[in-house]
Amino acid sequence: MKKARENAIGKVTLSMTYEEARDAVDKYLKTNSRRYLDILEKASDVVETIRRGSKGILIADAYTRAKKQGGEEFKDRAKIIHKLIEGRAADANFRIDNIADMVGMTVVVFYPDQINAFIQVFSSEAKKEGLFLDKFSDGKISKIHKDRGYHATHLRIGYKSVDTERLRVEIQVKTMLHDAWGAKTHDLTYKPIGDLDPRLKALMESFGESLQAIEVQSQTLRDSILSRVQLMHSKRRDARLELMSKLTRHRISSPEGSAAYDGLIARIKMDHVHLSTCAARDADLADLLAAIERLEEVGVNAKDRLKLTVALASYRDDGILDPRIDDAIDAWKKEERDEGVAEPIMQVWIESSALYQTNRVSDAIAILRRFLAENPIDERTAVLANNLANYVTEVCLDRPKLDKDAEQEVAALLTGIEPFIDKFERTAYLNTKGAYLVVFGDDSKLDDGLDLIWEASKLLLSSGEAGHGYCELYQAHGWRRKLHL
């Protein structure tokens with residue numbers, strides 16, 4: 001007979017001997033080990049998908065228990081037995097599968113505010129694999145644990161199937177500092193036999209709170225830095241989108257084609273918020289791309305279809321539409337070759353502009369460099385040299401002192417352009433020269449650069465031509481430098 005006893009709250013429970021617990025655990029693991037590992041593998045795959053999708057800005061690291069246990073994924077057998085004995089002593093209905101951390105993994109993020117961001121993304125992606133986040137006793141899907149300096153947010157992951165209905169895998173989400181601190185102190189605080197001295201426990205908890213304060217401060221520092229970066233990023237985006245109004249003009253002779261083209265431009269502008277962030281297989285995005293392809297049936301040529309694809313891709317910061325842009329460029333080049341109207345300079349200008357507009361600045365720079373390495377700057381190629389100078393300057397906007405080669409390249413391009421500045425838009429040259437001075441010049445050159453940009457800005461405003469956004473971009477940078485912001 002098992003001995004009945006009364007627990008701390010007066011509930012009668014049945015105690016469990018070590019031998020009984022050991023046999024129960026061994027039998028349970030023999031039956032369910034593979035099932036636990038299958039759930040862990042699915043959860044790990046979801047985490048890896050998120051890591052790749054976030055391009056390294058959300059997840060700093062992710063690992064399972066095997067990394068720290070010489071390849072063993074399961075919690076130490078003796079600890080599982082001990083937890084079962086403790087659980088059964090407190091509750092006669094306690095089961096082995098109530099132990100949520102039999103197997104688990106750790107996800108490390110960079111900053112505290114990314115913990116909830118990860119949970120939200122994981123919850124959404126997990127559903128696609130049949131996984132779900134189990135709720136804790138308070139009804140929430142996550143629980144913050146603090147003990148002996150340990151700080152982490154725990155998740156309990158289940159899988160929807162008959163065989164695994166009650167099985168749970170634990171994910172611990174930590175910041176980088178807390179993960180490092182946990183790795184440093186785990187053996188010291190959890191492996192010694194007996195309870196930790198209360199004074200040492202208090203000291204460890206104090207260290208943990210201090211680390212949390214540092215994490216919050218680092219998050220504040222990040223936000224301050226990003227606010228500046230995002231301001232310049234926003235101005236770059238605004239400048240490129242403003243230029244799209246010029247690049248999307250057309251001379252489509254077919255009334256049906258012209259109406260369809262204008263309708264798609266309006267649709268892109270109206271839905272740009274959704275289209276800028278939606279998934280690659282989003283139905284609206286797919287429908288819009290198909291509609292652009294169908295324009296060929298109503299007399300819209302490949303060049304104008306390329307413009308529409310560029311207009312769509314220019315709203316996105318990722319590269320999911322890069323293959324579409326490449327295909328559209330190839331179709332346009334082939335069409336011009338077939339019609340015998342291919343003109344090298346115009347092709348280089350359009351291709352590099354398309355790549356630049358879709359945030360592939362390095363590719364645009366490479367195309368222009370290759371062409372100008374084989375062709376001297378003259379009245380026909382000066383506009384290409386000016387674009388190259390502008391692109392290289394923009395790349396160096398936030399790090400001008402780190403790339404002297406770029407500074408010398410832009411200076412040489414401007415020198416080569418000067419004899420031909422009357423052969424292309426004067427505002428383009430004024431803004432490029434002004435940008436060079438405010439980005440690469442010393443403090444004594446800032447006013448000269450800002451004056452040139454201001455002159456270009458006035459000319460653009462009076463003419464109504466696109467390009468004023470680039471004036472604002474470099475004016476903002478010049479004034480930040482002047483005011484040492």
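A few comments on the model shown:
- Only DSSP H runs of four or more residues enter the estimate; each adds -39500 (n - 2.57), and after division by the residues of the chain the mean residue ellipticity at 222 nm equals -20500 deg cm²/dmol.
- Taking amide H atoms as placed 1.01 Å from N in the peptide plane, the amide H of residue 152 lies under 5 Å from those of 145, each 5 or more residues away in sequence or on another chain.
- Reachable aspartates and glutamates, given that their alpha-carbon falls under 15 Å from the alpha-carbon of residue 404 and they are not under 8 places away in the same chain: 394, 442
- Checked against a 27 Å cut-off, the cross-linked pairs 30/184; 27/75; 269/423; 68/174; 269/433; 79/184 give Cα-Cα distances beyond that limit for 30/184; 269/423; 269/433.
- Candidate cross-link partners of residue 334 among the aspartates and glutamates, defined by an alpha-carbon separation under 18 Å and a same-chain spacing of 8 or more, comprise 293, 296, 297, 304, 326, 343, 351.
- The angle between the Cα long axis of helix 283-294 and the longest principal axis of the Cα atoms of the chain comes to about 30 degrees, rounded to the nearest 10.
- With contacts taken as Cα pairs under 8 Å and at least 6 residues apart, the chain reaches a relative contact order of 9 percent.
Rule-based calculations on the coordinates, nothing more; no lab input. Values in this document were obtained by computation on a predicted structure and should not be read as measured data.
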